[in-house]
Amino acid sequence: MVLAAPEAATPPTAAMTQPFLRIAVIEENAVRAAILVDGLREGGMTAVEVISSTDSLMRRLMVMNPDVIIIGLENPRRDVLEQMFQVSKLASRPVAMFVDQAEQDMIEAAVNAGVSAYVVDGLRKDRVKAIVEMAISRFNAFDRLQRELDATKAELAGRKVIERAKGILMRTRQIGEEQAYALLRQASMSENRKVSDVAQAVVTAASLLEK
Amino acid sequence: MTDMLVPDDPASATVAATTAPRPAMRRAGPARTVRVGFVPLVDVAVLVAAAEQGFAEREGLRLDLVRDVSWSNIRDRLAFRQFDVAHALAPMPVASQLKLGSNPFPSFTPFMLGRGGNAITLSVPLYREMADLAGLDGSEDSLANARALRAVIDRRAAAGKPPLVLAMTYPFSSHNYEFRFWMAAGGIDPDRDVTMTIVPPPFTADAIAAGAIDGFCVNAPWNLIAVERGVGRVVATKRDIWPSSPEKVLAVRPDWAEANEETLHRLIVALDSAARWCDEPDNHGTLSDLLALPAYVGAPAVLFRTLLAGRFPIDPNGRIREIPDYLAFHRGMANFPWRSQAHWIFAQMVRWGQVPWSADGATVAAAAFRPDIYRAALGERAGPVDALRIEGDAAADGFLEGGPFDPADISAYLARFPIRSDVPVSSTDK
């Protein structure tokens, strides 16, 4: 299979000798963009620019003329890039996705992390590799953060609903707070469900019974 | 027979049984999982029906349908083995065989997922301008609409206004080629007279409402959504351009197909039954409810009912158009991968300068369509062995411009079109 990625035998180009790589990050989520840009800057990449959804993608990329483009797989604007590469090919400015059978592990890691990268043909492999690896690790770090945040939110919401369920039980059964919680726990254990789920059921049932 | 799960590890895939006998009744043994990528559009119907109405199960398959947001992702996740097969645009396997695009990993199609669904929608202000200038009363056919658009473009150019911005969904798409075909028939050069851009289907109605684009060509239900929101006017449908034009296909990863030949055959049998089911008007209610689920397309069921009935508003004023066969999932050999249609797609790629013409190129392009696998799965009578025919020569199946397409003479066909952007052959010769 013929691949678009540069081979070692590619003759030197301007991109190989210039010290700074221009990296475009197409990212709608400001937090993830910041995490990624920080990582790239720590890695010595200073010419990093974030393009968000409010920008005209083609115009910005044309002005910036990046060596590497990083974009999340969940971003539908990947198809816009595809069209741009078609058009730019006519203007002999080839941009290609980083695909190389030798780097199969890295490609799979990238796909799993939900990140894709495009590079100008002729760029040295090791330089691109460092950037793509950084993008992968930062995408994964953001994912972890997001999961932690979701878990915290769910826990907070769970606590709130347990408080409400306790209140309902105390009112309807004329019992104390500790007894109310004991009831919830008991139901949780016998039904093998989370206390917060049982509490949610109590709250829902109560709202249905209310007039 | 050896019943095994589809291996996730491609290295172990080579041990899969390839030629097991096929039992007549429901398959025994554990279900084989097939991972299927799709983009939320109405023509994912056959895959959804196969997964939800028992057609896959009957063949001992479990379809793991995974929704995705872009055609680039479909292509790449197929290439990187996250999908075994996928809902794809018919030109995508052709482009992949020709090594076009930024990740030209080869795929092929043994089964088409249906015809129809596309339409061209222009913004309401643009249509009004056309109507004023050309004296349209709304009843005109698509060619008259294209000519009226040409008149508006000329007037705008004379007034020094910037070119209109028209969107489609992917460079290798029926939408790109149909939009261009229609414009050119009306005397518009899509590479010189307008700016062509890409807008992902779910954003088309917003983009036209915001004035970011002046029109688009996209599959259902997005045209209808733009009309119902009062921001778009449908000026042409696929039927006006070429009724038989192939739309979506089942794209298959070659290494998966090689290691899972029997599973692929079963999948084709399941999809064949599902496609027949989707064509039955009695099933359209159930199908609409399924498509409406958030896991699939996630739009109101009533929208799908309207589209499947082939009778829907094309204008915010409520003008209704009846389009028989607007969506065909099986009838008229809609699932058969005609190699002549792969040739037609190749001809469009040549016409618009995506690839230079060559006889070898035409052969490579045709290899993306695999009627041999279709026939192996469904029987020798399922379609002709060469899968070649003159396209668009039936009375009810004509092209908007240029007449029938003979796959044996692509150059002569293209010479019939005054507007094209093909690379002159002399400059591409070695």
What's the number of the condition B:P125 fails, among (1) closer than 27 Å to A:Q104 by Cα; (2) surrounded by fewer than 22 Cβ atoms within 10 Å (Cβ to Cβ)? (1)
I need every pair where a residue in the stretch B:327-345 that is part of a helix (DSSP H, G or I) and modelled with pLDDT of 95 or more has its Cβ under 7 Å from the Cβ of a residue that is surrounded by fewer than 22 Cβ atoms within 10 Å (Cβ to Cβ) and among the basic types (K, R), sequence separation at least 6 or different chains. B:S340/B:R389
Would it be correct to say that B:T169 is out of contact with any Leu (no Cβ under 6 Å at 6 or more places or on another chain) and modelled with pLDDT under 95? yes
Scanning for something more than 23 Å from A:I35 (Cβ to Cβ) and open to solvent by 10 Å² or more (accessible area, probe 1.4 Å), does the stretch A:110-120 turn up at least one residue? yes
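Residues checked against (1) outside any helix (DSSP H, G or I); (2) assigned by TED's automatic domain parsing to the domain that holds B:P254:
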site: B:P106; (1), (2): yes, yes
site: B:R128; (1), (2): no, no
site: B:A131; (1), (2): no, no
site: B:L136; (1), (2): yes, no
site: B:A144; (1), (2): no, no
site: B:R147; (1), (2): no, no
site: B:R150; (1), (2): no, no
site: B:D154; (1), (2): no, no
Hey, among the residues in the stretch B:70-102 that are open to solvent by 10 Å² or more (accessible area, probe 1.4 Å) and assigned to a loop (DSSP other than H, G, I, E, B), which one's farthest from the other protein chains (Cβ to nearest Cβ)? B:L98
So B:F346 clears everything in (1) in contact with an Asp or Glu (Cβ under 9 Å, 6 or more places away or on another chain); (2) surrounded by 21 or more Cβ atoms within 10 Å (Cβ to Cβ); (3) closer than 30 Å to B:V423 by Cα except one condition, right? Which one? (1)
Take B:I410 and tell me if it is in contact (Cβ under 8 Å) with a residue 12 or more places away in the chain, open to solvent by less than 40 Å² (accessible area, probe 1.4 Å) and over 20 Å from the mean Cα position of the chain (by Cα). yes
Checking B:D206 against (1) assigned to a helix (DSSP H, G or I); (2) away from chain A (no Cβ under 14 Å), which test does it fail? (2)
Lone unmet requirement of (1) assigned to a loop (DSSP other than H, G, I, E, B); (2) under 26 Å from B:V44 (Cα atoms) for B:E401: (2)
Name the residues in the stretch B:286-339 that are closer than 14 Å to B:L41 by Cα and touching a Phe, Trp or Tyr at 6+ places or on another chain (Cβ under 6 Å), would you? B:S288, B:L291
Being open to solvent by 10 Å² or more (accessible area, probe 1.4 Å), free of Cβ contacts under 8 Å to residues at least 60 places away in the same chain and aliphatic (A, V, I, L, M) is the requirement here; does B:V269 meet it? no
Residue that is nearest to the other protein chains (Cβ to nearest Cβ), among those in the stretch B:45-69 that are surrounded by fewer than 24 Cβ atoms within 10 Å (Cβ to Cβ) and within 20 Å of B:T169 (Cα to Cα): B:V69
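The values are calculated or read from the model by the stated rules, or taken from the named source; none is laboratory data. Note that the structure is predicted; figures quoted are calculated from it, not measured. Note: ideal-geometry Cβ built from the backbone for every residue, glycine included; neighbour counts use all protein chains shown. Please note that ligands, DNA and RNA were not included when accessible areas were found on the heavy atoms of the full protein model with its side chains. Shrake-Rupley method; radii C 1.70, N 1.55, O 1.52, S 1.80 Å.
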